[in-house]
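Scroll down for the structure; my scribbles are underneath it.
We did not get these values from a lab; they are worked out from the coordinates using the rules stated. Model, not experiment: these values are computed from the prediction. Here the Cβ is made from the backbone with ideal geometry for all residues, glycine too, and neighbour counts use every protein chain on show.
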Amino acid sequence: GDANRQIAGTLTISNGSGLILNNTAVVFNITILGNFILDGTITLPGTLAAFGADIILHGNWTRSATGAFYPNERAVFFTGTGNSLITANNGEIFPYLYFTKSAKAQTIFLNDDISITKILGIGTGTLDLQNKNVILKSGDTTASVNQISSATAQITYSGSGRFIVERYIPTAVGAAPLHLKSWQFLAVPVNQDNQTVNA
């Protein structure tokens, strides 16, 4: 049915099980006041407008090797008063990821890499990369990071983690603005005797 859903504790989706949010309206979310453990599958609605039908999580995000997350362009919000961990086997892809914690001191720690395909928004809270990366994916458009206010949010680098921004270069055949070549050099030209493409 079309209504906001909330669980007071931890939501666990076991291996072999699935949860499908099948709203017909855009404003209804699922709120998890505890942790989210994903060993099965969760599918968010894919036929709605550009907002709503999101996951609002107060605790930790944990996805195992058997877990599958199908966001369908929906958002995940980390909110609440405690710290949170993001743990996901081989990393997690979020179209929209927002941090709306109760205070700047509330920290979201990365235990695995995350990839953003649309927007990363750090409204309130601290993102600690630890030794993992935030990858801003690139296709026809490149994912972006919303403006961060130093009064309410920050990013800390307590380990070797970093931001990686992909670069999308359209190639192959097709209408403009695609390049008409199926491959191209990604460096300045070289003028040297006996220089080969391989070299």
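Rounded to the nearest 20, the Cβ-based charge dipole of segment 31-156 about its Cα centre (Lys and Arg +1, Asp and Glu -1) stands at 200 debye. Count Lys and Arg as plus one, Asp and Glu as minus one, and take only other residues whose Cβ is under 15 Å from that of LEU44; the net charge is then 0. Summarising the amide proton neighbourhood of VAL145: residues at separation of 5 or more, or on other chains, whose placed amide H is nearer than 5 Å comprise LEU120. Each of ASN22 and ASP140 was given a label point 7 Å from its Cα along the Cα-to-Cβ line. The distance between the two points is 3.0 nm.
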